[in-house]
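Inspection log for the structure reproduced underneath, given as structure tokens.
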Amino acid sequence: MLIDTHAHLNAPQFDEDRHEVIARARDNGISRIVNIGFNRETIPSSLALAEQYDFIYSTVGWHPTEAKDMREEDLAWIESLCRHEKVVAIGEIGLDYHWDTSPKDVQNRVFREQIRLARRVGLPIAIHNRDAHQDVVQTLREEKAAEVGGVMHCYSGSWETAKMCLDMNFYISFGGPVTFKNAKQPKEVLEKVPMDRLLIETDAPYLTPHPYRGKRNESAYVRLVAETAAEIKGISIEQLAEATTRNAMELFRLK
């Protein structure tokens, strides 16, 4: 059994066949799915999905690309939702210096506020990091994020940065890109990540793994990520599944 630790199954790309997509995930041995709520629109729909399916859980948070739109009342709203029995993390939060949609200083403020929120409510955090490795690590360190830990979602950085994150009580998660033939660095980092700190995900409907690259991603495809990860680690798919499932259960305190 596998766990997809990061998906967006409430996205409009699934409006026509969402139930079938979820059924396919179950048919492919996906025992649980952590779905991501990251703004005013997606948090309610993610929670609704978690309420509809007992094996789907939700995060609540504010995405860095939309940081400029977050108000003080939004942060209070997110904090109030942390009492929901299906909310397992604050996320996805972080920094994104690739898409120029929110000023860096605003992103950093919103990121820090949500780390503090996570520490107040005692939930782990799911980190979005794009082209901001140094600032993400520095912010996590300064805000004492190690107290709650979390996951570096769809990790794309160096092993040196990964080590710093591991030292701060974070898991390292890999998705579809690790299956790409030219993905040298992710493969090298995955090989070095300790088995007790490794997670897998899809980020569905995005970042579809080989051989479906370019098409819509879905949670069933986390098996393709698992197969590649097992090959890189030199272990069986069963061993990989057992370890990553145990890790996800511990991090998100899943039933």
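As I understand it, the dipole of the chain uses +1 on the Cβ of Lys and Arg and -1 on the Cβ of Asp and Glu, about the Cα centre. Which of Val193, Thr139, Thr245 lies farthest toward its positive end?
Val193
Provide Rg and Dmax in Å for the range 165-212, with only Cα atoms included in the calculation.
When restricted to the Cα atoms of the range 165-212, Rg and Dmax are 11.4, 35 Å.
Positive end of the dipole of the range 25-166, charges at C-beta (+1 Lys, Arg; -1 Asp, Glu), about the Cα centre: which of Val88, Ala50, Phe111 has its Cα farthest in that direction?
Comparing the listed Cα positions along the dipole, Val88 ranks first.
Taking the Kirkwood radius as the inverse of the mean 1/r across Cα pairs, report the Rg/Rh of the range 91-250.
0.96
Give the distance, in whole Å, between the Cα centre of the range 36-74 and the Cα centre of the range 94-116.
Using only Cα atoms, the two centres lie 17 Å from each other.
Given the DSSP H assignment, sum -39500 (n - 2.57) over each helix run of at least 4 residues in the chain and divide by its residue total; what's the result at 222 nm in deg cm²/dmol, nearest 500?
Dividing the helical sum by the residues of the chain leaves -12500 deg cm²/dmol.
Taking 27 Å as the cut-off for C-alpha to C-alpha distance, list the pairs among Lys104/Lys187; Lys68/Lys187; Lys215/Lys255; Lys144/Lys187; Lys86/Lys184; Lys104/Lys163 that go past it.
Lys104/Lys187; Lys68/Lys187; Lys215/Lys255; Lys144/Lys187; Lys86/Lys184
What does the charge dipole of the range 2-252 about its Cα centre add up to, to the nearest 20 debye, if the Cβ of each Lys and Arg holds +1 and the Cβ of each Asp and Glu holds -1?
420
Give me Glu231, Glu238 sorted ascending by neighbouring Cβ count inside 10 Å, so fewest comes first.
By the 10 Å Cβ count, ascending: Glu238, Glu231.
Throughout, read-outs are computed from the coordinates displayed, never taken from laboratory work. Predicted, not measured: the structure shown is a model, and the values here were computed from it. Cβ coordinates were reconstructed from backbone atoms using ideal geometry, including for glycine residues, and neighbour counts include every protein chain displayed.
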